[in-house]
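Undergrad: The structure is given below, and queries will be raised subsequently.
The values are calculated or read from the model by the stated rules, or taken from the named source; none is laboratory data. Since the structure is predicted, the reported quantities are computational estimates derived from the model, not experimental observations. Cβ coordinates were reconstructed from backbone atoms using ideal geometry, including for glycine residues, and neighbour counts include every protein chain displayed.
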Amino acid sequence: MAAGTAHCIDCRRQPPPLDGCIAACGYSWPWPGVIGDFKFRGEPGWAAPLAMLMRSAPWAEPALERADLVLPMPLSPARLRERGFNQAFELARRLAPEKTEANLLLRTRDTPAQSGLTRAERLRNLQGAFAIEPLRAAQVHGRRIVLIDDVMTSGASLFSAAQVLRTGGAAYIAAIVLARTERPD
């Protein structure tokens, strides 16, 4: 663990599948509006400045440099059609274009929106929602992976994806997110 970092009591009791998570900022003004414009109003032009903010977070640059693979959190095909782009991919390809793999981690099914669900409900909602592309599964084994997402709320999505990668043999899994909400429930 890096100096100045700490684990919550839940993470000490049951360590998460992530080896670490770096957040560029808290999910408070002005970020909810900016992220909402980026993600829901079809404004992918926000990706470059938001990725620059993410890269400037302490420990983000070294995590990206040490990574073998940078994987954006995948969207289901339905959600991708609805939005027109994957915001996590837009961030990832600006953070580490030569290491970003958009189709290695897959979203296997559409799930109801996570907002409004408790952490336990979010975890149940995401069971079986992620998989490694079967023909490329060997690319995960023994690798250092950084997952990229825009917002981390309960950690359920990142933890579910990380667990799939851990089961696939990833040696190290970290996440870099733009914003982190206050821990719900």
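For (1) crowded, with 16+ Cβ neighbours inside 10 Å; (2) at pLDDT 95 or above; (3) among the β-branched types (V, I, T); (4) in contact with a strand residue (DSSP E or B) (Cβ under 9 Å, 6 or more places away or on another chain), each residue gets a yes or a no:
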| residue | (1), (2), (3), (4) |
| --- | --- |
| D10 | no, no, no, no |
| P16 | yes, no, no, no |
| G26 | no, yes, no, yes |
| A60 | yes, yes, no, yes |
| D68 | yes, yes, no, yes |
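Undergrad: Report yes if some residue within segment 79-87 is touching a helix residue (DSSP H, G or I) at 6+ places or on another chain (Cβ under 9 Å) and hydrophobic (A, V, I, L, M, F, W, C); otherwise report no. Let's see the steps before the verdict.
TA: So in segment 79-87, the residues touching a helix residue (DSSP H, G or I) at 6+ places or on another chain (Cβ under 9 Å) come out as 83-87.
Checking the rest, the ones that are also hydrophobic (A, V, I, L, M, F, W, C) come to 85.
The answer is yes, given that some residue of segment 79-87 is touching a helix residue (DSSP H, G or I) at 6+ places or on another chain (Cβ under 9 Å) and hydrophobic (A, V, I, L, M, F, W, C).
Undergrad: Also, I was wondering about something else. Being over 22 Å from I145 (Cα atoms) and surrounded by 13 or more Cβ atoms within 10 Å (Cβ to Cβ) is the filter here, so list the residues in segment 111-131 that pass it. Step through it out loud before you land on a result.
TA: We begin by selecting, within segment 111-131, every residue over 22 Å from I145 (Cα atoms); these are 111-122, 124-125.
Listed by number, the residues that qualify are T111, Q114, L117, R119, E121, R122, N125.
Undergrad: Enumerate the pairs (first residue in segment 30-45 and in a helix (DSSP H, G or I); second residue anywhere and hydroxyl-bearing (S, T, Y)) with beta-carbon separation below 8 Å, excluding pairs fewer than 6 apart on the same chain, so at least 6 apart or on different chains.
TA: Correct list of pairs: I35/Y27.
Undergrad: Here is a follow-up. Of (1) surrounded by fewer than 17 Cβ atoms within 10 Å (Cβ to Cβ); (2) modelled with pLDDT of 95 or more, L80 satisfies all except one. Which?
TA: Evaluating L80 over (1) surrounded by fewer than 17 Cβ atoms within 10 Å (Cβ to Cβ); (2) modelled with pLDDT of 95 or more leaves (2) as the failure.
Undergrad: I'd like to verify a number: residues in segment 147-171 that are more than 22 Å from Q114 (Cα to Cα) and among the aliphatic types (A, V, I, L, M), how many? Break it down stepwise before answering.
TA: Just the residues of segment 147-171 that are more than 22 Å from Q114 (Cα to Cα), to begin with: 166-171.
Narrowing further to those that are among the aliphatic types (A, V, I, L, M): 170-171.
Number satisfying all stated conditions: 2.
Undergrad: Looking only at segment 45-58, which residues are surrounded by fewer than 18 Cβ atoms within 10 Å (Cβ to Cβ) and either among the polar types (S, T, N, Q) or touching an Asp or Glu at 6+ places or on another chain (Cβ under 9 Å) (or both)? Talk me through it step by step, then tell me what you get.
TA: Initially, segment 45-58 is screened for residues surrounded by fewer than 18 Cβ atoms within 10 Å (Cβ to Cβ), giving 45, 48-49, 52-53, 55-58.
Within segment 45-58, A48, R55, S56 meet the criteria.
Undergrad: Exactly one condition in (1) exposed (fewer than 15 other Cβ atoms within 10 Å of the Cβ); (2) within 14 Å of D150 (Cα to Cα); (3) of a type in the set (D, E) is not met by E90; state its number.
TA: Exception for E90: condition (1).
Undergrad: Quick one: would you say A179 is surrounded by fewer than 24 Cβ atoms within 10 Å (Cβ to Cβ), farther than 25 Å from A24 by Cβ, of a type outside the set (S, T, Y) and touching a strand residue (DSSP E or B) at 6+ places or on another chain (Cβ under 6 Å)?
TA: Details: surrounded by fewer than 24 Cβ atoms within 10 Å (Cβ to Cβ): yes; farther than 25 Å from A24 by Cβ: no; of a type outside the set (S, T, Y): yes; touching a strand residue (DSSP E or B) at 6+ places or on another chain (Cβ under 6 Å): yes.
Against the criterion (surrounded by fewer than 24 Cβ atoms within 10 Å (Cβ to Cβ), farther than 25 Å from A24 by Cβ, of a type outside the set (S, T, Y) and touching a strand residue (DSSP E or B) at 6+ places or on another chain (Cβ under 6 Å)), A179 does not qualify.
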